[in-house]
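Participant: This is the structure, below, for whatever I ask next.
The values are calculated or read from the model by the stated rules, or taken from the named source; none is laboratory data. As the structure is a computational prediction, the values presented were derived from the model and not from experiment. As a convention, Cβ positions derive from the backbone with ideal geometry for all residues, glycine included, and neighbour counts pool all protein chains shown. Areas reflect the complete protein model, heavy atoms only, side chains present, ligands, DNA and RNA absent. Shrake-Rupley method; radii C 1.70, N 1.55, O 1.52, S 1.80 Å.
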Amino acid sequence: MAHSSQSDTRRKLLELFSEANGDFISGQKISEVLGCSRTAVWKHIEELRKEGFELEAVRRLGYRIVKTPDKVTANEIQLGLKTETFGRYIHFEEEVTSTQKIALRLAYEGAKEGTLVIAEQQTAGRGRMDRKWFSPKGTGIWMSLILRPPIPPQKAPQLTLLTAVAIAQAIQEKANIVPDIKWPNDILINGKKCVGILTELQADPDRIHSVIIGMGINVNQTLDQFPEEIRTIATSLAIEKGERIQRAQLVQEILLRLERLYQQYLQYGFRPIKLLWEGYATSIGKEITARTLNGTIKGIALGITDEGVLMLEDEEKHIHYIHSADIQL
Ligand code: BTN
């Protein structure tokens, strides 16, 4: 298993290239900034090349990045990442059973808030309600973020809604598509599911230890790459947009949006997030069917409460507060 944790030197090197914006940086400058020898610089450059970065080396001018690979390694994501803490530590693996499982272990071992686990492929990706999440190699974003929010455990579902808003914003920015959010946490484009979010909580009754936010985003799959049984209900950004999208750039945008919304949330509470969420939720005001553990309810979706609970008004004008359900539009 390829495991790459980020050394400080490597991070500084990527920051340098990121600031240079495609221009040359001299070997001298690199070795000064990194505080290492010219030979060590060369070794770092060789490592980047092995990962698929194309680097041009010109005498007297130095090095410049010509092309970044469409991979979601720590290097790819950290080159140009604008966050303060989210994604500053990245645990990348080519293949995992589930990024949730690794994030859970890291959280248990004390990983810091903002730690990201990401993989090119999951062999046992998990969805909500014990479903499977199809996570083929190299086409999607399969990642889990560790948070340690100072909020009471019952408020944790709000983070799922917050995540949905952040991903919707990032899709809008990078793919130029305005997606729909389906309560609580599916993101749809043209009625088909493109993103799933799975939030897992580790807490005592009164204190959160960690929240693991799992995000699955179908990015570059073509229709025939989806298993037949989900072809009519699933889609990818590339299918909807008609062109491929650089996954690492989308990850950067998601992390940035997430970090901003999270800071806003901790400072001002859920209300501003709720308004943004409702802006993307096209089902509000429409008739929907909610399948809960206690039965099926049909009604008009009125919106969500400040707690993130769905309000559904049935034919008798009775309002149901739905905490967990499968929704049909
Ligand atoms: C859903 O059922 O809609 C939620 C799907 C969540 C999938 C993501 S992919 C990354 C992370 N690892 C998993 O095993 N699941 C989540």
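Participant: Looking at (1) of a type outside the set (A, V, I, L, M, F, W, C); (2) under 30 Å from LEU266 (Cβ atoms); (3) buried (at least 21 other Cβ atoms within 10 Å of the Cβ); (4) under 15 Å from the mean Cα position of the chain (by Cα), which one does SER135 not meet, given that it meets all the others?
Facilitator: (2)
Participant: Does LEU201 meet the test of being assigned by TED's automatic domain parsing to the domain that holds ALA107, within 15 Å of the ligand (Cβ to nearest atom) and among the aliphatic types (A, V, I, L, M)?
Facilitator: yes
Participant: Is it the case, given these coordinates, that ILE141 is under 30 Å from ILE239 (Cα atoms), open to solvent by less than 50 Å² (accessible area, probe 1.4 Å) and touching a Lys or Arg at 6+ places or on another chain (Cβ under 7 Å)?
Facilitator: yes
Participant: Further question on the same structure: If I filter segment 166-184 down to residues being touching a residue at least 40 places away in the same chain (Cβ under 8 Å) and polar (S, T, N, Q), which single residue comes out as surrounded by the most Cβ atoms within 10 Å (Cβ to Cβ)?
Facilitator: Only one residue fits best here, namely GLN169.
Participant: Among what's in segment 63-77 and is part of a strand (DSSP E or B) and not charged (D, E, K, R), pick the residue that is most open to solvent (accessible area, probe 1.4 Å).
Facilitator: VAL66
Participant: Hey, could you check segment 90-118 for residues that are among the polar types (S, T, N, Q) and under 20 Å from GLY138 (Cβ atoms) and say which is surrounded by the fewest Cβ atoms within 10 Å (Cβ to Cβ)?
Facilitator: Filtering segment 90-118 for residues that are among the polar types (S, T, N, Q) and under 20 Å from GLY138 (Cβ atoms), the one surrounded by the fewest Cβ atoms within 10 Å (Cβ to Cβ) comes out as THR97.
Participant: Give the residue, chosen from ALA248, ALA290, that is under 19 Å from the mean Cα position of the chain (by Cα), open to solvent by less than 70 Å² (accessible area, probe 1.4 Å) and not hydroxyl-bearing (Ser, Thr, Tyr).
Facilitator: The conditions single out ALA248.
Participant: Only one residue in GLY87, GLY22 is closer than 21 Å to GLY140 by Cβ, open to solvent by less than 40 Å² (accessible area, probe 1.4 Å) and not hydroxyl-bearing (Ser, Thr, Tyr). Which one? Don't jump to the end; show me each part of the working.
Facilitator: Details: GLY22 fails: closer than 21 Å to GLY140 by Cβ.
Of GLY87, GLY22, the one residue that is closer than 21 Å to GLY140 by Cβ, open to solvent by less than 40 Å² (accessible area, probe 1.4 Å) and not hydroxyl-bearing (Ser, Thr, Tyr) is GLY87.
Participant: Give the number of residues within segment 89-132 that are at positive phi and within 13 Å of the ligand (Cβ to nearest atom). Talk me through it step by step, then tell me what you get.
Facilitator: Start the filter on segment 89-132 by keeping residues that are at positive phi, which leaves 110, 114, 129-130.
Checking the rest, the ones that are also within 13 Å of the ligand (Cβ to nearest atom) come to 129-130.
Of the residues in that region, 2 qualify.
Participant: Only one residue in ILE208, ILE239, ILE254 is over 18 Å from the mean Cα position of the chain (by Cα), part of a helix (DSSP H, G or I) and among the β-branched types (Val, Ile, Thr). Which one?
Facilitator: On the way: ILE208 fails: part of a helix (DSSP H, G or I); ILE254 fails: over 18 Å from the mean Cα position of the chain (by Cα).
Checking each option against the conditions leaves just ILE239.
Participant: Still on this structure, please answer the following. Right, GLY138: away from the ligand (no atom under 14 Å from the Cβ), among the small types (Gly, Ala, Ser), at pLDDT 95 or above and assigned to a loop (DSSP other than H, G, I, E, B) or not?
Facilitator: No, not satisfied.
Participant: Please count how many residues of segment 212-229 are touching a residue at least 60 places away in the same chain (Cβ under 8 Å) and hydroxyl-bearing (Ser, Thr, Tyr).
Facilitator: 0
Participant: Can you tell me which residue in segment 185-198 is farthest from the ligand (Cβ to nearest atom), limited to those that are open to solvent by 30 Å² or more (accessible area, probe 1.4 Å) and not in a strand (DSSP E or B)? Spell out how you get there, then give the answer.
Facilitator: The initial filter retains those residues of segment 185-198 that are open to solvent by 30 Å² or more (accessible area, probe 1.4 Å), namely 190-193.
Then keep just the ones that are not in a strand (DSSP E or B); that gives 190-191.
Numbers: ASN190: 17, GLY191: 15 Å.
Among them, the one singled out is ASN190.
Participant: Shifting gears a bit: Does GLU313 qualify as being among the acidic types (Asp, Glu) and surrounded by 13 or more Cβ atoms within 10 Å (Cβ to Cβ)?
Facilitator: So GLU313 fits the description; yes.
Participant: Of the conditions (1) within 16 Å of the ligand (Cβ to nearest atom); (2) open to solvent by less than 10 Å² (accessible area, probe 1.4 Å), PRO227 clears all except one; give me its number.
Facilitator: The failed condition is (2).
Participant: Failed condition for THR160, given (1) closer than 23 Å to ALA325 by Cβ; (2) polar (S, T, N, Q); (3) without any contact (Cβ under 8 Å) to a residue 40 or more places away in the chain, with all others met?
Facilitator: Condition (3) is where THR160 drops out.
Participant: Please verify whether ILE217 is at pLDDT 95 or above, of a type in the set (A, V, I, L, M) and in a strand (DSSP E or B), treating the condition exactly as stated.
Facilitator: On the way: at pLDDT 95 or above: yes; of a type in the set (A, V, I, L, M): yes; in a strand (DSSP E or B): yes.
Yes: the conditions hold for ILE217.
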